[in-house]
Every structure is written in structure tokens, then in C-alpha cells.
Amino acid sequence: MTVYPLNSGAQVGMSFYVYILKCVDGSFYTGYTKDIDQRTRQHQTGKGARYTKAHPPECLAYVEVFDERGKAMRREREIKRLSHQQKHALVVSQKKP
């Protein structure tokens, strides 16, 4: 799994991440976490979400950083309601190194 560096500019302190994984079958998985590195490792090893056990992740495709858990959870719900095409557009909109 390729993990892109986070260029979030987040403040020091507790950060919450909303992320989109691109799976090997072309589907997307959206989630939120306090520790993006640990969570991506869990998905990689099959110890993450049930969805990523059946649809292994290919790469971390998109990340947003929040300073409050509630904001991250709301954004996760918003993204989960998007169509596949809308999620793809969101992923493409975030520049990668």
C-alpha cells in the first residue's frame, strides 16, 4: 500500500483524520481515525474494517485533518454519501507528491 505524506498543516495536539482508501478492485473505503499510520497498517494486514478484508486496499488516496472528533465524523458521513464518481473527483482534487 502506498501512503502519501500528509501535508495537512494541522496544529499540534489531537488530530482526527478522515481518509479514503482505494481498493484493488477500484472501489473506495472511507473512514476516520486518530492515528492514520496505525489504521492503514490495520487495513493492510486484514485487521481493519470488514470491507477492506474483502476488498484489500491498494493505497491511501485522500486525507483530511480535523481538530475535533465530531467534525471528522460528520465529514466521514458526508463522504460516505457521495457517489463513486464524486469520491473519485475528491481524490483527484488532492494533489499527490
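Readers should treat all values here as calculations from the given coordinates under stated rules, not as data from a laboratory. Source: prediction; values computed, not measured. Note that each Cβ is placed from the backbone with ideal geometry, even for glycine, and that neighbours are counted across all protein chains shown.
Evaluate the Kirkwood expression for the hydrodynamic radius of region 16-93, namely the inverse of the mean inverse distance over all pairs of different C-alpha atoms, and round to one decimal in Å.
Taking every pair of different Cα atoms in region 16-93, averaging 1/r and inverting gives 12.4 Å.
Quick check: net charge around E64, other residues with Cβ under 12 Å of its Cβ, Lys/Arg +1 and Asp/Glu -1?
It works out to a net charge of 0.
Taking θ as phi - 60°, what are the ³J(HN,Hα) couplings along region 36-44 by the Karplus curve (6.51, -1.76, 1.60), each to the nearest whole Hz, with x for Gly and Pro?
Result, ordered by residue: 5, 5, 5, 5, 5, 4, 4, 4, 4 Hz.
About the Cα centre of region 16-93, how large is the charge dipole given +1 on each Lys and Arg Cβ and -1 on each Asp and Glu Cβ? Please answer in debye to the nearest 20.
300
Whole-Hz ³J(HN,Hα) for each residue in region 79-90, computed from phi via Karplus 6.51 cos²θ - 1.76 cosθ + 1.60 with θ = phi - 60°, x for glycine and proline: what do you get?
These are the phi-based 3J(HN,Hα) values: 5, 4, 7, 6, 6, 4, 5, 5, 5, 4, 4, 5 Hz.
Summing Lys, Arg as +1 and Asp, Glu as -1, what charge do residues with Cβ under 15 Å from the Cβ of S15 carry, S15 excluded?
Numbers: positive: K34, R39, R69, K71, R75; negative: D35, D37, E64, D67, E68, E76.
Result for the local shell: -1.
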